[in-house]
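Each value in this text was obtained by applying a stated rule to the coordinates, not by laboratory testing. Nothing here was measured: the structure is a model prediction, and the numbers come from that model. Cβ sites come from the backbone with ideal geometry, for glycine too, and all protein chains shown count toward neighbours.
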Amino acid sequence: MLESWRWYGPLDKISLPEIAQTRATGIVTSLHEIPYGEVWSVEAIEARKALIAKPDLGLHWNVAESLPIHEDIKRGTGDLSKLFANYRQSMANLAACGITTICYNFMPVVDWTRTRLDQPLKGGGTSLRFEATLMAAFEIHMLKRDGAEEDYLPEVVQKAAIWFQQSTDADRETLLAAIMAGLPGAYDRYDVEGLRAALVTYDGIDRDGLRANYARWLAEVIPTAEELGIKMCVHPDDPPRDILGLPRIMSDRDDIAWLYAQQDTRVNGLTLCSGSLGANPANDVPAIAREFADRIHFAHLRNVRKDPDGSFEEDAHLNGDTDMVDLIRALLDEETRRTRNGREDVVIPFRPDHGHEILSDLGRGTHPGYPLIGRLVGLAELRGVIAALSQ
Ligand code: DNO
């Protein structure tokens, strides 16, 4: 397994020399400044690659996360040929620069979603939390989405009403900011009106409709990935359930089976994100890893602790509900199998996904979920498990 680290590019408050001290060697990044749907030029990719390699810190750009998919493709609206062609061109340019693993997601409108970015931890520090009551309060009372009440347990709906009544304007703003924080690397955020407008554009698109749009996109890009030797790996939905009335179609075992069947080739694969999948009580993450192992091209390792009402909180990497040791065993077993089968892509890159804000992370203003010390703790713990299991 190759230790990697997500870096948000030159605007990231964590510098490459700091990352080098974690002893991770792979850099996972994106050209965040390029608007969705536009081509990543060879020059732009080479320049970023050189920046990563330049300080001679032993780092290299190994995974593009994400090469984002334009919302028009997810909605299936209009003439998409230009957007498909642009995506394929970016893939070709990445391949020309030697970057052959691409992570993307097919979540409509919002990426990962939390309701609190600074949930206090016992003994100090903070974590990211998804509180069902707060999400319900947002959807029912702030967004005023039709039918939102039906998506939550009655007691959650009740508590949400109380929270909303008692909340101040500042509480509501903080909640909106937390929910919007997940848009990866994007610098524009929706306000309530903007979000409402974005949701309207998905009116009439149900699960089957979204799947059809995804299948169409796969048919457009997977043959190209095959020609270029690129491994495509979808990131699961986070949280793995419908949200804001939008369908989510990459949330569990059956969704992954569906994906693999759409284009039955190894390059059509998965980012095994243990935290995303682990937030659904029905998902047995190590079992999913074993079942779909041969097309896992990348792993995000973190852990969540779930509550019965649908809430969850990001726990320490070896705590939480997922048996991380068993999961890592599944990934190492897959590497062994790949070696035996003579596969070229034996090594699975992984990154310590998210981390608690602790010690000197506090107040540093890094991306939510991506502090230095908290992730380093996660990496160190995962590294220990890998070393022990590899003996
Ligand atoms: C959250 C991340 C996701 C991921 C995208 C991939 O922390 O794992 O934002 O980068 O969903 O497209």
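Taking 8 Å as the Cα distance limit and 6 or more residues as the minimum spacing, I'd like the relative contact order of the chain as a percentage.
Values: 700 pairs, mean separation 65.7, N = 391.
It rounds to 17 percent for the chain.
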Residues in region 294-313 that a label on Gln158 would reach, taking backbone N under 18 Å of a point 7 Å out along Cα→Cβ: 308-311
Coarse-grained scattering of region 1-116 at q = 0.14, 0.16, 0.22 Å⁻¹, given as base-10 log I(q)/I(0) from a Debye sum over alpha-carbon atoms: -0.63, -0.79, -1.25
15 Å Cα-Cα reach of Lys306 towards aspartates and glutamates, excluding residues that sit fewer than 8 places from it in its own chain: Glu131, Asp238, Asp284, Glu314, Asp315, Asp321, Asp323
Gyration tensor (alpha-carbon) shape descriptor, region 202-277, a/c threshold 1.5: oblate
Highest to lowest packing among 35-43, 3-11, 221-229, scored as the average C-beta count within 10 Å: 3-11, 221-229, 35-43
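Which of the peptides 106-114, 382-390 is most tightly packed, and how do the rest follow, going by the mean number of other Cβ atoms within 10 Å of each residue? List each step's numbers first, then the result.
Values: 106-114: 21.6, 382-390: 14.7.
Per-residue Cβ counts within 10 Å, averaged per peptide and sorted highest first, yield 106-114, 382-390.
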The chain - Rg and Dmax from Cα coordinates, angstrom: 20.2, 62
Subset of Lys82/Lys231; Lys122/Lys231; Lys74/Lys159 violating a 32 Å alpha-carbon distance limit: Lys122/Lys231; Lys74/Lys159
Set of aspartates and glutamates with alpha-carbon distance to Lys144 below 15 Å, sequence-local pairs under 8 removed: Asp191, Glu193
Relative contact order of region 1-56, pairs being alpha-carbon contacts under 8 Å that are 6 or more residues apart, as %: 38 percent
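Report, in deg cm²/dmol and to the nearest 500, the calculated mean residue ellipticity at 222 nm for the chain, where each DSSP H run with n ≥ 4 adds -39500 (n - 2.57) and the sum is divided by the residue count. Let's see the in-between values first.
Details: 14 runs with 160 residues, N = 391.
Result for the chain: -12500 deg cm²/dmol, rounded to the nearest 500.
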Region 246-259 - phi-based ³J(HN,Hα) in whole Hz, Karplus 6.51/-1.76/1.60, Gly and Pro as x: 9, x, 10, 10, 9, 10, 8, 4, 5, 5, 5, 4, 4, 4
5 angstrom amide H check on Arg6, placed H, neighbours 5+ away: Val28
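Out of the DSSP beta bridges found with both residues in the chain, what percent are antiparallel (nearest 5)?
Values: 11 of 37 bridges.
In the chain, approximately 30 percent of DSSP beta bridges are antiparallel ones.
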Candidate lysines - alpha carbon under 24 Å from Lys54, same-chain residues fewer than 8 apart omitted: Lys13
Whole-number percent relative contact order across region 310-391, with pairs defined as alpha carbons under 8 Å at least 6 apart: 31 percent
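Could you order peptides 87-94, 160-167 by the average number of other Cβ atoms within 10 Å of their residues, highest first? Walk me through the intermediate numbers first.
Working: 87-94: 20.8, 160-167: 15.4.
Listed from highest to lowest mean packing, they are 87-94, 160-167.
Report Rg/Rh for region 116-199, rounded to two decimals, where Rg is the Cα radius of gyration and Rh the Kirkwood radius.
My calculation of the ratio gives 0.98.
Where Rh denotes the Kirkwood radius from the mean inverse Cα pair distance, what is Rg over Rh for region 245-391? Intermediate results must be reported in sequence, preceding the final value.
On the way: Rg = 16.0 Å, Rh = 16.2 Å.
Computed over Cα atoms, the ratio is 0.98.
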